[in-house]
Amino acid sequence: MDPLLLGAIVAVSTIIVLFSGVSVAVGLLIVSAGFLIAFDGMRSLELMPEIFFGKLDNFALLSIPMFIIMGSAIASTRAGGDLYEALERWLTRIPGGLVISNLGACALFAAMSGSSPATCAAIGKMGIPEMRKRGYPEGVAAGSIAAGGTLGILIPPSVTMIVYGIATETSIGRLFLAGVVPGLMLVGLFMGWSIYSTWRSGEASVLSAGTYSWREKFEILPRVLPFLAIIFGVLYAMYGGIATPSETAAVGALLCLLIAMIIYKLWSPKALWVVLRDSTRESVMILFIIAAAGVFSYMLSSLFITQSIAEWIGTLEVNRWVLMATINVFLLIAGFFLPPVAVILMAAPILLPIITTAGFDPIWFAVVLTINMEIGLISPPVGLNLYVINGIAPDISLKTILLGSLPYVACMVFAIVLLCAFPELATWLPDMVMGEAR
């Protein structure tokens with residue numbers, strides 16, 4: 001059978017299986033096993049366990065559960081609320097200081113926790129009622145938090161970037177650095193739109209808030225600065241050549257647990273058990289998907305589907321930016337239905353040879369891909385962040401939250417356009433810190 005036709009059949013079969021309700025990992029294993037048996041016979045199943053466990057035999061994977069424990073320890077405390085309060089007290093005199101505080105808190109908390117839903121819940125519980133009380137439009141209040149929560153998969157340390165690095169065998173350190181400038185750019189775009197939208201709605205008076213004394217500003221810092229110091233310390237250790245990403249993640253996880261216990265009195269064995277239980281559950285889920293995606297990639301390669309698609313794309317006489325636009329549309333649609341980790345693991349083995357052949361930088365592409373995944377987090381039908389916001393503010397309709405999020409989706413699309421026009425936004429910092437990639 002023609003590999004391209006076979007690839008189309010595999011794609012349709014995968015969609016049908018995943019939409020049947022089975023988990024992503026189990027679905028990928030079912031599809032892989034089915035096609036391997038059909039074309040290579042039952043003996044091909046003997047290789048599946050070896051490939052499955054071989055994909056997990058990677059030292060870099062240790063950083064995933066460590067960063068998840070690090071984020072879970074932070075998310076289990078009042079760190080999000082304290083971070084929000086600290087930024088509100090320091091930025092309150094700036095026009096639009098409250099919405100800037102919310103988005104700044106989302107960016108920092110997302111970087112600390114690495115979880116979009118946790119960021120929405122932690123910052124939204126305090127930020128949304130406060131913004132509504134001061135007269136901010138409901139769409140801005142809900143949409144800004146939903147969009148701000150997505151920053152966790154872009155701003156380092158990011159589990160999504162680690163997964164992309166493992167799937168494509170690219171430097172995790174470079175990927176982390178590549179997400180910094182685009183992440184800050186997105187924060188700036190979100191802030192700009194929030195302030196403009198509030199001013200345009202005729203609620204300009206809410207852009208100026210009350211004042212806090214210097215004592216009130218300084219008294220909250222001891223509860224916030226230790227966590228921020230850990231984040232910067234982890235990044236410094238990683239890029240200063242002191243330790244590997246896995247080693248720094250392990251130290252960061254231990255320090256976050258200790259600080260949660262010391263500052264927020266997280267001494268209860270039950271509370272610590274919840275942190276470790278939830279971290280283990282999420283880690284196993286991600287690692288299971290990684291291993292299953294390894295088997296899926298092997299199936300695609302052994303049936304010459306990946307090679308044939310890359311070769312076919314290479315023979316097309318189309319502008320490379322048309323190709324990139326097509327890839328973006330594909331990623332956008334995939335992100336509507338599947339979690340970021342699943343999309344990356346399924347698509348990266350196929351897309352990487354295509355984008356490199358077309359002359360695109362894989363580090364730059366990682367940032368573009370991640371922003372596409374961010375859009376999926378605030379877009380229906382899945383749109384996880386939308387439902388989290390609706391859960392913590394049930395009196396705001398899902399329609400209002402969705403409409404409030406759409407302008408932030410436009411900001412993300414604009415950010416992708418800027419990255420296409422100026423790739424250096426993603427590649428400049430990695431090249432400056434680690435030297436140009438060879």
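The values are calculated or read from the model by the stated rules, or taken from the named source; none is laboratory data. Predicted, not measured: the structure shown is a model, and the values here were computed from it. Don't worry about glycine lacking a Cβ; one is built from the backbone with ideal geometry, like all the others, and counts go over all protein chains shown.
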Scope the stretch 355-370; condition of a type outside the set (A, V, I, L, M, F, W, C) and without any contact (Cβ under 8 Å) to a residue 24 or more places away in the chain; matching residues: Thr356
In the stretch 203-219, how many are over 19 Å from Asn102 (Cβ atoms) and modelled with pLDDT under 75? 0
Just to be sure, is Met373 in contact (Cβ under 8 Å) with a residue 12 or more places away in the chain and over 20 Å from Met191 (Cβ atoms)? yes
Residues that are over 30 Å from Ile128 (Cα atoms) and acidic (Asp, Glu): list the helices (runs of 4 or more DSSP H) wholly contained in the stretch 320-438 that include at least 1 such residues. 424-434
The residue that is surrounded by the fewest Cβ atoms within 10 Å (Cβ to Cβ), considering only those in the stretch 84-100 that are of a type outside the set (D, E, K, R) and modelled with pLDDT of 75 or more, is Trp90
Within the stretch 239-275, take every residue that is among the aromatic types (Phe, Trp, Tyr) and touching a residue at least 60 places away in the same chain (Cβ under 8 Å) and give me the one that is farthest from Phe67 (Cα to Cα). Tyr264
For the stretch 415-438, pairs from a residue that is more than 18 Å from Gly188 (Cβ to Cβ) to a residue that is part of a loop (DSSP other than H, G, I, E, B) and modelled with pLDDT of 90 or more, with Cβ under 8 Å and 6 or more apart or across chains, are Pro423/Asp361; Thr427/Asp361; Ala437/Asp361
Taking the condition of being in contact with a helix residue (DSSP H, G or I) (Cβ under 6 Å, 6 or more places away or on another chain) and assigned to a helix (DSSP H, G or I), how many residues in the stretch 242-256 meet it? 9
Quick check: anything in the stretch 388-401 modelled with pLDDT under 85 and under 17 Å from the mean Cα position of the chain (by Cα)? yes
